[in-house]
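A.B. asks: Here it is, the structure in full.
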Amino acid sequence: LYDALAHASAHEGMRLARAPNASFPHNDVGAAEDAIRAWRGKGGGGRIWIVVESLYSMDGDKAPLDDLYALAARNDAFLLIDEAHATGVYGPGGRGLAARFEGADNVVTLHTCGKAMGVAGGLLCLPRILRDFMVNRCRPFIFATAPPPVMAACVRAALKIIEAADDRRAELMSCIDVAGAELRRLCAIEPSGSQIQPIIVGGDIRATTLASRMQAHGYDIRAIRPPTVPDGSARLRIALTLNTSKDDVVRMIAHLGAELARLEP
C-alpha cells in the first residue's frame, strides 16, 4: 500500500516483488486505512507494507509520520519510510524525520547516500529479522556486485560529518525561512516549508518557458513535467542548499516573481 506520490523506485520494487498493491491519495491516512479494510474484507492475507516518503521529492511536503505509524501499529503492518530528502537535513544528527521511530520492530527506513552524503548507494535501517530475510532472499541484492570497501568507508565518513553539522542545518533552516517569506511576498506562493520548493505552473510549455528564463538569469532551475509529476502539474523545482547565500535566494525569488508576472496563461 503506497502513497500516490511515492518515488518511481518504489514502483520498481513493487513490480519486482510481484505482490498485490494499491495506492492511497497523497498523505491521506484515512484513505489508507480504508484501503486496508477493503483488502482484508476481500479476504486479503499476509502482512501489509505501507510505503511513504518522509519528505516528498517533487512537492517538498512532509508525511504525517506519527499518524502513519499509528496506522501501521493498528493493522499489524510494516511502515517503510523513504528518507532520501530528509537524511542529513532533519532529525537529531541529521538522521531524518523518522529518527524517533528507531528501534521499532515494524519500521524500515531507507537513506540514500547520493544526496546529502555526496557518495553513492543506500542504507536500510530495519529490524534484525528483516535484515536477515533480505540478505538471504532479496535477489537483486544477492546477485549484484557488492559496493567496494572504499565506498563503504566514504559513507561512514559522510555520516560522521553529517552528525556534527548542526550549525549547517540551522543555517539551512534559516535560508528556508527567508525563501518562504520572499515567496509569499513576491510570488503569492505558499512555501512548502522545506528545502524543496515547487513552483507549479500547470502546462508543460509554461514550465519550460519559465525555466529557460530563470536559467537566462543564471539560475540552474529545471522544469519538471509529466510523467515525473501528475498531468497538469508541470513545475519548476527549487532545491535550496548552502552553496547559495540568503542574498542569492532573495535575488532569485525577485527574478522569479517578475517572470511569473509576465508568463502567458
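Throughout, read-outs are computed from the coordinates displayed, never taken from laboratory work. None of these values were measured; they are calculated from a predicted model. FYI the Cβ positions are ideal-geometry reconstructions off the backbone, even for glycines, and counts take in every protein chain you see.
A.B. asks: If I build a Gaussian network model for the chain, linking alpha-carbon pairs within less than 10 angstrom, which residue out of LEU55, LEU123, LEU71 has the largest mean-square fluctuation?
C.D. replies: LEU123
A.B. asks: What is the gain in length, in nm to one decimal, between THR145 and ALA157 on full extension, counting 0.36 nm per residue of separation less the C-alpha to C-alpha distance?
C.D. replies: That works out to 2.1 nm of additional length.
A.B. asks: Please report the net charge: other residues with Cβ closer than 12 Å to the Cβ of ILE48, K and R +1, D and E -1.
C.D. replies: Net charge in that neighbourhood comes out at +2.
A.B. asks: Let me ask something else. Could you please tell me the mean projected area of the C-alpha convex hull for the chain, averaged over all directions and given in square nanometres to one decimal? The partial results should precede the final answer.
C.D. replies: Numbers: hull surface 62.8 nm².
Across all orientations, the chain yields a mean hull projection of 15.7 nm².
A.B. asks: Continuing with the same structure: Which lysines does LYS160 reach when only Cα atoms under 18 Å apart count, and residues fewer than 8 places away in its own chain are ignored?
C.D. replies: Those lysines meeting the cut-off are LYS115.
A.B. asks: Report the residue, chosen from ASN243, ASN21, ASN106, that carries the largest GNM mean-square fluctuation when the chain is represented by alpha-carbon nodes joined by springs under 10 Å.
C.D. replies: Among ASN243, ASN21, ASN106, the largest mean-square fluctuation in the Gaussian network model of the chain belongs to ASN243.
A.B. asks: Mind checking the dipole of the chain: about its Cα centre, +1 per Lys or Arg Cβ, -1 per Asp or Glu Cβ, Debye to the nearest 20? Kindly include the intermediate steps, with their values, before the conclusion.
C.D. replies: Details: 30 positive and 30 negative charges, 138 e Å.
In total the dipole reaches around 660 debye.
A.B. asks: As an exercise, identify the trypsin sites (Lys or Arg not before Pro) in the range 1-106 lying in DSSP coil whose Cβ has no more than 10 other Cβ atoms within 10 Å.
C.D. replies: ARG18, LYS42, ARG47
A.B. asks: Another question, then. Skipping prolines and chain starts, which residues have an amide H placed within reach, meaning under 5 Å, of the one on ILE221, given they are 5 or more residues away or on another chain?
C.D. replies: GLN215
A.B. asks: I'd like the antiparallel share, as a percent to the nearest 5, of DSSP beta bridges with both residues in the range 2-163.
C.D. replies: 30 percent
A.B. asks: If each residue of separation counts as 0.36 nm, what is the full-extension length gain between ASP204 and ASP166 once their alpha-carbon separation is subtracted? Kindly include the intermediate steps, with their values, before the conclusion.
C.D. replies: On the way: separation 38, 0.36 × 38 = 13.68 nm, distance 3.87 nm.
Once the chain is fully extended between ASP204 and ASP166, it gains 9.8 nm.
A.B. asks: Can you tell me the relative contact order of the chain? Whole percent, Cα pairs under 8 Å, sequence separation 6 or more.
C.D. replies: Relative contact order here is 13 percent.
A.B. asks: May I pose another question? Given H placed 1.01 Å from N in the peptide plane, which residues other than close sequence neighbours of LEU123 have an amide H under 5 Å from its amide H?
C.D. replies: Correct list: HIS111, THR112, CYS113.
A.B. asks: Could you calculate the contour length gain from ASN243 to ALA22, that is, 0.36 nm times the residue separation minus the distance between their Cα atoms, to one decimal place in nm?
C.D. replies: Using 0.36 nm per residue and subtracting the Cα-Cα distance, I get 75.6 nm.
A.B. asks: Which loop-located chymotrypsin sites (Phe, Trp or Tyr not before Pro) does the range 32-65 contain, where loop means any DSSP state but H, G, I, E or B and the Cβ has at most 14 other Cβ atoms within 10 Å?
C.D. replies: Listed in order of number, the matching sites amount to none.
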